[in-house]
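Here is the structure we will look at.
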Amino acid sequence: MEGWDPNTKSTLTQIPLLTTKAGPRDGAAWTQRLKEEYKALIAYTQMNKSNDNDWFRISAANPEGTRWTGKCWYVYNLLKYEFDLQFDIPVTYPSTAPELELPQLDGKTQKMYRGGKICLTVHFKPLWAKNCPRFGIAHALCLGLAPWLAAEVPILVDSGMIKHKDDATTSTES
């Protein structure tokens, strides 16, 4: 955590670390891991809300907890840009971080792979590997998706690659 800004460090220390090293194929241990994941996500969400920094909603899309869907948003120039968020838990989880996907942005930035998977290889993946199995979904959102949105959304908006929903409706009505 050396070299991190105090806000990021403070946020990260408030997200509970996970203890169970289990993936989707590990039966009861995976169920225990999912409970820890939910506790960390709830803590992170509550912290964000109390700091007036609410920026995502996610939930498991299947009973096994291997597919997650939701929404994330970023406010830029006082306008809220909202995106669908989805990801699958890899079979080798937690050794392998989930690949976070924003399908609406597929092909709009070079910092993305096919299917709308955001690029996290250089900065986030080594951090995930170093902190396995203590990091979970909440950590991936905090240290992966949040900085990616902060870096990419302003560029995408300023370059005209994405438009605010109000601008898009106005331009089609004209």
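The values are calculated or read from the model by the stated rules, or taken from the named source; none is laboratory data. Since we're looking at a predicted model, the values are computed, not measured. Neighbour counts run over all protein chains shown; Cβ positions are idealised from the backbone, glycine included. When the accessible area is computed, the model is the full protein with side chains, heavy atoms only, and any ligands, DNA or RNA have been set aside. Shrake-Rupley method; radii C 1.70, N 1.55, O 1.52, S 1.80 Å.
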**Prompt:** Are there any pairs, at least 6 apart or on different chains, whose C-beta atoms fall under 6 Å, with the first in the stretch 10-22 and farther than 11 Å from Y44 by Cα and the second aromatic (F, W, Y), and if so, which?
**Reply:** A22/W30
**Item:** Tabulated pairs, the stretch 80-105, first closer than 14 Å to A60 by Cα and touching a residue at least 60 places away in the same chain (Cβ under 8 Å), second hydrophobic (A, V, I, L, M, F, W, C) and open to solvent by 20 Å² or more (accessible area, probe 1.4 Å), C-beta under 9 angstrom, 6+ apart or interchain
**Value:** L85/I58
**Message:** Of all residues being under 30 Å from K165 (Cα atoms) and small (G, A, S) in the stretch 93-117, which is farthest from the chain's Cα centre (by Cα)? Just the residue, please.
**Reply:** G107
**Asked** Could you say whether any residue in the stretch 118-126 is closer than 19 Å to T69 by Cα, assigned to a loop (DSSP other than H, G, I, E, B) and within 10 Å of the chain's Cα centre (by Cα)?
**Response** no
**Asked** When you go through (1) touching a Pro at 6+ places or on another chain (Cβ under 7 Å); (2) surrounded by fewer than 19 Cβ atoms within 10 Å (Cβ to Cβ); (3) farther than 14 Å from L149 by Cβ one by one for Q32, which number turns out not to apply?
**Response** (1)
**Message:** Can you tell me which of (1) open to solvent by less than 10 Å² (accessible area, probe 1.4 Å); (2) within 25 Å of A43 (Cα to Cα) is the one Y81 doesn't meet?
**Reply:** (1)
**Asked** Which of the residues spanning the stretch 1-18 are at pLDDT 95 or above and open to solvent by 30 Å² or more (accessible area, probe 1.4 Å)?
**Response** P16, L17
**Complete:** Filter the stretch 59-86 for residues that are small (G, A, S) and out of contact with any Gly (no Cβ under 7 Å at 6 or more places or on another chain); the one that is nearest to A150 (Cα to Cα) is G70
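Scan the stretch 84-111 for residues that are farther than 23 Å from L18 by Cβ and open to solvent by less than 20 Å² (accessible area, probe 1.4 Å) and report the count.
Kept after step one, since they are farther than 23 Å from L18 by Cβ, are these residues of the stretch 84-111: 84, 102-111.
Keeping just the survivors that are open to solvent by less than 20 Å² (accessible area, probe 1.4 Å) gives 102, 105.
Of the residues in the stretch 84-111, 2 are farther than 23 Å from L18 by Cβ and open to solvent by less than 20 Å² (accessible area, probe 1.4 Å).
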**Prompt:** So which residues in the stretch 19-29 are in contact with a Gly (Cβ under 9 Å, 6 or more places away or on another chain) and surrounded by fewer than 14 Cβ atoms within 10 Å (Cβ to Cβ), if there are any at all?
**Reply:** A29
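I'd like the residue in the stretch 35-58 that is under 17 Å from G144 (Cα atoms) and not hydrophobic (A, V, I, L, M, F, W, C) and, out of all such residues, is surrounded by the most Cβ atoms within 10 Å (Cβ to Cβ).
First pass over the stretch 35-58, keeping only residues under 17 Å from G144 (Cα atoms): 37, 40-41, 44-45, 48, 53-58.
From what's left, not hydrophobic (A, V, I, L, M, F, W, C): 37, 44-45, 48, 53-54, 57.
Values: E37: 24, Y44: 22, T45: 17, N48: 18, N53: 12, D54: 12, R57: 12.
The extreme case among them is E37.
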**Message:** Suppose we filter V122, V157, V153 for residues that are open to solvent by less than 70 Å² (accessible area, probe 1.4 Å), under 29 Å from I42 (Cα atoms) and not small (G, A, S); which single one remains?
**Reply:** V153
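Sort out which residues of the stretch 37-87 are acidic (D, E) and in contact with a strand residue (DSSP E or B) (Cβ under 7 Å, 6 or more places away or on another chain), and write them in order of number.
So the first thing to find is which residues in the stretch 37-87 are acidic (D, E), and the list is 37, 52, 54, 64, 82, 84.
Within the stretch 37-87, E82, D84 meet the criteria.
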